[in-house]
Amino acid sequence: MNTDELISHSRARFNHHQARIALKEKYQAKLIFAFGGGMWRAGPELISLLTGRTNIDIVLMDLYDTPVRVNAPQLLALVEQRWQEQMNAWLVEYEELNRNR
């Protein structure tokens, strides 16, 4: 490989890495939503916490460490929906990014 090819390859890898970071930040932001007077981030931790709850109304700490009384089944449905939608969209963009690399 000559120097120009090495530089081009290095730039492509750096740009790909930066694009992956930007993609992650984009979808992490889309996982945040408001519900019941609190701000929540959809994710496996919240899904797991809510799945084990049999109580209808529970008190949880939101993203800003504020205690919020929420309806657990409603929040769980919303969290699962948001999580799956965003993960599907993220995967599509990630695969496109890898194809273009």
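Each reported figure results from applying straightforward, stated rules to the coordinates on display, with no laboratory input. Please read all numbers here as calculations on a predicted model, not as lab measurements. For neighbour counting, all protein chains shown are included, and Cβ atoms are generated from backbone atoms with ideal geometry for every residue, glycine included.
Could you tally the net charge around LEU49, taking each other residue with its Cβ under 14 Å from the Cβ of LEU49, Lys/Arg +1 and Asp/Glu -1?
-1
Can you give the calculated 222 nm mean residue ellipticity of the chain, where each DSSP H run of n ≥ 4 adds -39,500 (n - 2.57) and the sum is split over every residue, rounded to the nearest 500 deg cm²/dmol?
The per-residue figure over the chain is -22500 deg cm²/dmol.
Students often get this wrong, so try it: which of [x] 1.21; [y] 1.14; [z] 0.95 is Rg/Rh (Cα atoms, Kirkwood Rh) as calculated from the structure shown?
[x]
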